[in-house]
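In what follows, a structure is listed as structure tokens, so that the remarks can point back to it.
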Amino acid sequence: MVLYIALGIAFLIPLGFLYFINKRDLFDTGKIYFVVVSMMWGVMAYLLAARTNPYIIDAGWATREQVIRITGPILEELLKSLILIYLVRRADFNYVVDGAVYGFGAGIGFAIIENYEYIVGNPEIAIVVAVARVFSTNLIHAAGSGVIGVALSVRRAEKSAVKGWLWILLGYLFSMSFHMIFNTLVSTGIAVVFAVIFGGTGVSLIYLAIRRGLNIQKEFISEKLGELNRVTKNEVKALNRIEELNKLLKPLTLQFGEEKAGKVKTMLSKQAEIGIKTKLLDTTPNESRKREMGRIIDSLHAEMETLRNEIGPYCMLFVRQVYLSQDMNLWGSINARVAESSTGQKGGGLWDRAASRVQSSKSEEDE
């Protein structure tokens, strides 16, 4: 029974950390199936490392201590990052937040399967091993690949090739060094509390990277939606309050129900992704990938059109009226202007026409 409890701890708590990091993606641009793919690759990376590290020792290329402190961390970070290199190059990849989350997922997948080996190998202290690992070693694995994911993401959006490759180099060097320092400290008998602090530091770095990435994404969205749709300064200011989205949608939920509010939230995410992808087009040299990204943007517009029809004009009028009166025109920031621009009408579109008809109807009733 104790063994099963330990295995449960080693599985559920790392997933909880991944859930926490994934929820920091406020624009919801990441794809959950890519998070799962990253985790599965992390498992595969562990299996490859588990075969390669002993081979290096048996071949006499390095001692066991050298593998633990030097070659192991280098090999493991390289293996975990392979899935990130693939995902970052995809046309449907967005920016730093996606890279951090996918990287964190790869590290968690690696850590979970590694936990099982250590726990099963030490059944008499299984729970102690599980708790110690999930709050230290697991976070090191997740943070290391998360940092590499961030570096690869920055390279994707960097116009200068030299700066882009420098970011990648720094990302790999930091992750490998961070991992090597941790392994060295643990192998010399560092107290568990310091190992936990080290792991917490790694997660904090990923959290800060995501926060910074969100701010940059806000700039992307504001710039591109502003260029295309004449977003006002107040609307751009409101966009910076995306963290308050659930609070802003509360009146809408009370008036129209959770289903409508959920669709509005989904539409806002589509708008955000359009802004981010439009910005990334500027730094994508590959014409084939540009065309693919263009098709994705067109698809997002089509999905928004469907959602807009499902939400209905009166619900959207309510959204605009409430947020405008609160000086929090979130809809105007990342939704209405894009939706309106697709109709080809200046300063109007579906919602202004609907508003005009409502006002006209009221005037006729007054007469």
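Rule-based calculations on the coordinates, nothing more; no lab input. Everything quoted here is computed from the prediction, not taken from an experiment. For neighbour counting, all protein chains shown are included, and Cβ atoms are generated from backbone atoms with ideal geometry for every residue, glycine included.
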> Rg and Dmax of segment 36-77, Cα atoms, in Å?
Replying inline: 11.3, 37
> What order do you get for His179, His301, His141 when you list them from fewest to most C-beta neighbours inside 10 Å?
Replying inline: His301, His179, His141
>> How would Arg308, Arg133, Arg212 line up from fewest to most surrounding beta-carbon atoms within 10 angstrom?
In response: Arg212, Arg308, Arg133
> Taking the alpha-carbon centroid of each part, what is the distance from segment 53-70 to segment 129-182 in angstrom?
Replying inline: 23
>> Please compare each pair in Lys159/Lys265; Lys80/Lys163; Lys80/Lys265; Lys159/Lys260 to a cut-off of 30 Å on the Cα-Cα distance and tell me which ones are over it.
In response: Lys159/Lys265; Lys80/Lys265; Lys159/Lys260
> Most exposed first by the Cβ proxy, i.e. fewest other Cβ within 10 Å, how do Thr188, Thr63, Thr278 rank?
Replying inline: Thr188, Thr63, Thr278
>> From Cα pairs below 8 angstrom and at least 6 apart in sequence, can you work out the relative contact order of segment 2-219, rounded to a whole percent?
In response: 28
>> I need two numbers for segment 1-137: Rg to one decimal and Dmax as a whole number, Cα atoms only, in Å.
In response: 16.2, 50
> Label-point separation (nm) for Glu287 and Leu47, each offset 7 Å from Cα along Cα-to-Cβ?
Replying inline: 4.2
